[in-house]
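Presented below is the structure to which this report refers.
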Amino acid sequence: MEPQNTDPNKTGPLNQQPVNADISPPPNPSPASPVATPVIGGLGTTTGNQPAPIIGSDIRPVTMETASQPVNTASYSPPSTASAGLAPPVSDEYISNPFLNTVRGLVLILKANPTSAMLSGLIGLLLIGAGELIYFVTIVALKSPALAVIFFIALTLLYIIPIGTYYVIAGTSARGETITTGEAYRRSISKLLPLIGLCFISGILTLVGFVLLIIPGIIFMSRNSLSPLVMFEEDLGPIAAIKRSLSLTKGHVNEMLGALFASLFIGGGGYGLLFGAITVAPLVGRYHDLRQLKESGAAKPSTHWLNYTYLLVILLFAGGIGLAIFSAHNLTANLSQPTTSQTQNSFSSYPTTSTN
């Protein structure tokens, strides 16, 4: 048997090349911080609590085993907010322009769920048509105002279901997800009672605001417009949804009024297959933009001047009402005054007396 060569400065069967005799393995790394050891060939890293091998002392050929080592942890990216159950923002840019905001919401809805949006609009139109037909029959044909009121209340409560469906489809589309019409209606029906409560409470508070010189009612209506969307997106009850909507829209009254006016302007105030989508389109972008703004703590962006166009409409509307009242008053005053010929005839009807 050949004796082993123990001299590190000589070559032999075990030492084909001279190495430094002072080389010693590094200390064991801490278990809490495993050391990533490069594999020869640069195809990956190995981690663990074992001593790092000396470069050149553990030369291994590149095989399937070495190539399948774990990749570098530096390339790891955290999971998105969507996987954590948080709705991601519609976009990173805050859009204050009410018309661009409305178009953005409408595009998101039609891009993700065009069929569901149109079918929901069709069902809503059918319900409106049925309500008008029943009202006409009960009032004109049956001449039963009491029955007409009962049917009107029933159809109003029933129409809340497609309204909720609009918000379900809008919120789902904003996340880039698809949803069937049946699933959207199922989610809306599952929250029918909270939706009825939300509509009732919101209606009462809005009415009280209108009684208080109209302006408080307009302000509350604009700030509370996000509550149905909040109810579905954040799974809240009626009172909590109203409070959440008021919190998100604090300091953004003009932007909310501008968004509602843009929706009426784009939709033309009429009915169609996209009536529901156009109604909720401006609220989708506003909700996600305001939510991102509140959670990030960033400063409030400047308000786009187009948000104030509703003021011009209000002034024109008020001016038209004032002009109509003034014209009606003048017409009534003119009709109440006798004409010149009537005055002369009235004087000529009196008997004349002659003096001799």
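Please treat every number below as a calculation from the coordinates, not as lab data. Not measured: the values here are computed from a predicted model. Cβ coordinates were reconstructed from backbone atoms using ideal geometry, including for glycine residues, and neighbour counts include every protein chain displayed.
Which trypsin sites (Lys or Arg not before Pro) does region 127-194 hold that lie in a coil by DSSP with at most 13 other beta carbons within 10 Å?
Here the sparse-neighbourhood loop sites are LYS143.
Give, as a single signed number, the net charge of other residues whose beta carbon lies under 13 Å from the beta carbon of LEU260, with Lys and Arg counted +1 and Asp and Glu -1.
Net of charged neighbours comes to +1.
Under a plain spin-label model, where a point goes 7 Å from the Cα along Cα-to-Cβ, how far apart in nm are GLU234 and ILE153?
So the label points at GLU234 and ILE153 sit 3.3 nm apart.
If you average the alpha carbon positions of region 124-158 and of region 165-231, how far apart do those two centres end up, in angstrom?
23 Å
What is the sum of charges around LEU248, taking Lys and Arg as +1, Asp and Glu as -1, for the other residues whose C-beta is under 15 Å from the C-beta of LEU248?
+3
Would you calculate the separation in nanometres between label points at LEU246 and THR309, each defined as 7 Å from the Cα along the Cα-to-beta-carbon direction?
3.1 nm
Run the numbers for SER296 and LEU213: contour at 0.36 nm per residue of separation, minus the present Cα-Cα distance, in nm.
The SER296-LEU213 span can extend by a further 26.3 nm.
Do you know the relative contact order of region 151-304, to the nearest whole percent, from alpha carbon pairs under 8 angstrom that are 6+ apart?
Relative CO of region 151-304 lands at 22 percent.
7 Å from Cα along Cα→Cβ at both LEU133 and LEU335: what's the point-to-point distance in nm?
4.1 nm
Go through ALA299, MET231, GLY319 and say which Cα lies farthest out towards the positive end of the charge dipole of region 220-340; charges sit on Cβ, +1 for Lys and Arg, -1 for Asp and Glu.
After comparing all options, I get ALA299.
So, by mean Cβ neighbours within 10 angstrom, what's the order for 228-240, 201-213 with the highest one leading?
Per-residue mean Cβ counts within 10 Å order the peptides as 228-240, 201-213.
Below 13 angstrom from the Cβ of GLU233, what's the summed charge of the other residues (Lys, Arg +1; Asp, Glu -1)?
Every neighbour counted, the sum reads +3.
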